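S.K.: First the structure, which I've put down as structure tokens, then a few questions once you've had a look.
The values are calculated or read from the model by the stated rules, or taken from the named source; none is laboratory data. In this text the structure is predicted, and so the values were computed from the model without any measurement. For neighbour counting, all protein chains shown are included, and Cβ atoms are generated from backbone atoms with ideal geometry for every residue, glycine included. Heavy atoms of the whole protein, side chains included, go into the accessibility calculation; ligands, DNA and RNA do not. Shrake-Rupley method; radii C 1.70, N 1.55, O 1.52, S 1.80 Å.
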Amino acid sequence: WNVALVEKERFPRFRIGESLLPYSMAILRKTGFFKVLDSGKYIRKYGAQFIDYRYHRETYFRFDGDLATAPEPFAFEVPREDFDADLLDYAKTQGVTVFQPEEVIDVKFHGDRVEVQTDLQTISAPYVADASGRMSFLGNRLKLRHTNPDLNNIAVFAHFDGVKRKTGSEEGDIIIGILPDQSWSWTIPFKGDRTSVGIVT
């Protein structure tokens, strides 16, 4: 495949969303990126702790436990600015042509071809994949995106140094707090001393 990737922002750049799941490890192994991910830069996550503050209950799930079905016994916690930059750099080593910073402004479909118009050029290809995430470029353009009123949430978050955390194999585990009124919190430790803390409500 001859792949072109158009990215409007310069990397590294901040993004939230830092806790990977075991089922994503298979595709990261298949692409070869796993060796970058497991190079020691990112902390391994072997499980998740859920704390229900409404009823003062705690439950811990290990990814290799009795109820586990994932093919990998661990995943990773990743600061997104580092993780996304590493992914992009790895894609370049695999032959992906990266146009950055460059913004897609329109997409037109012509039979068996797709024409992608950026602010700098026109790219023609047989296929296009919209990887714009929550921005949902094509979904909005084609009026395919619909709001789910049950997910009308906001998140408030920050990164902190010096947050007390577990030790040993549980140091990288996410802690999810179940809060009143369908709210929840996360505590995600990164390699080193930084921790991401957030509340979704």
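S.K.: Does region 165-182 hold any residues that are acidic (Asp, Glu), part of a loop (DSSP other than H, G, I, E, B) and open to solvent by 50 Å² or more (accessible area, probe 1.4 Å), and which are they? Don't jump to the end; show me each part of the working.
M.R.: The first filter runs over region 165-182 and keeps only residues acidic (Asp, Glu), leaving 170-171, 173, 181.
Narrowing further to those that are part of a loop (DSSP other than H, G, I, E, B): 171, 173, 181.
Glu171, Asp181 - these are the residues of region 165-182 that are acidic (Asp, Glu), part of a loop (DSSP other than H, G, I, E, B) and open to solvent by 50 Å² or more (accessible area, probe 1.4 Å).
S.K.: For Leu151, only one of the following conditions fails: (1) under 19 Å from Ile16 (Cβ atoms); (2) at pLDDT 95 or above; (3) over 16 Å from the mean Cα position of the chain (by Cα); (4) of a type outside the set (Phe, Trp, Tyr). What is its number?
M.R.: (2)
S.K.: Among the residues of region 183-201 satisfying the criterion of being part of a loop (DSSP other than H, G, I, E, B) and in contact with a strand residue (DSSP E or B) (Cβ under 7 Å, 6 or more places away or on another chain), which is farthest from Glu81 (Cα to Cα)? Show your work before the answer.
M.R.: Let us first name the residues in region 183-201 that are part of a loop (DSSP other than H, G, I, E, B), namely 190-193, 201.
Those still in the list that are in contact with a strand residue (DSSP E or B) (Cβ under 7 Å, 6 or more places away or on another chain) too: 190-191, 193, 201.
Values: Phe190: 12, Lys191: 14, Asp193: 16, Thr201: 24 Å.
Taking the candidates together, the pick is Thr201.
S.K.: For region 183-201, name all the residues that are of a type outside the set (Val, Ile, Thr), open to solvent by less than 50 Å² (accessible area, probe 1.4 Å) and closer than 16 Å to Thr59 by Cα. Full working, then the answer.
M.R.: Going through region 183-201, the residues of a type outside the set (Val, Ile, Thr) turn out to be 183-186, 189-194, 196, 198.
When the remaining residues are screened for being open to solvent by less than 50 Å² (accessible area, probe 1.4 Å), the result is 183, 185-186, 189-190, 196, 198.
Within region 183-201, Ser185, Trp186 meet the criteria.
S.K.: How about region 121-133: which of its residues are more than 14 Å from Glu7 (Cα to Cα) and part of a loop (DSSP other than H, G, I, E, B)?
M.R.: Pro126, Tyr127 - these are the residues of region 121-133 that are more than 14 Å from Glu7 (Cα to Cα) and part of a loop (DSSP other than H, G, I, E, B).
S.K.: Hey, another quick one. Name the residues in region 19-38 that are at pLDDT 95 or above and part of a loop (DSSP other than H, G, I, E, B), would you?
M.R.: Within region 19-38, Leu20, Gly32, Phe33, Asp38 qualify.
S.K.: Tell me which residues, restricted to region 134-161, are in a loop (DSSP other than H, G, I, E, B) and within 17 Å of Gln182 (Cβ to Cβ). Write out each step before concluding.
M.R.: Going residue by residue through region 134-161, those that are in a loop (DSSP other than H, G, I, E, B) are 136, 142-148, 152-154.
Result: Thr147, Asn148, Asn152, Asn153, Ile154.
S.K.: Moving to a separate point now. Which condition breaks for Gly95 when tested against (1) open to solvent by less than 30 Å² (accessible area, probe 1.4 Å); (2) among the small types (Gly, Ala, Ser); (3) farther than 30 Å from Trp184 by Cα?
M.R.: (1)
S.K.: From the list Leu138, Leu120, Leu88, Leu144, which one is among the aliphatic types (A, V, I, L, M), open to solvent by 90 Å² or more (accessible area, probe 1.4 Å) and within 30 Å of Val200 (Cα to Cα)? Before the answer, list the steps.
M.R.: Working: Leu138 fails: open to solvent by 90 Å² or more (accessible area, probe 1.4 Å); Leu120 fails: within 30 Å of Val200 (Cα to Cα); Leu88 fails: open to solvent by 90 Å² or more (accessible area, probe 1.4 Å).
Of the residues listed, the single one that is among the aliphatic types (A, V, I, L, M), open to solvent by 90 Å² or more (accessible area, probe 1.4 Å) and within 30 Å of Val200 (Cα to Cα) is Leu144.
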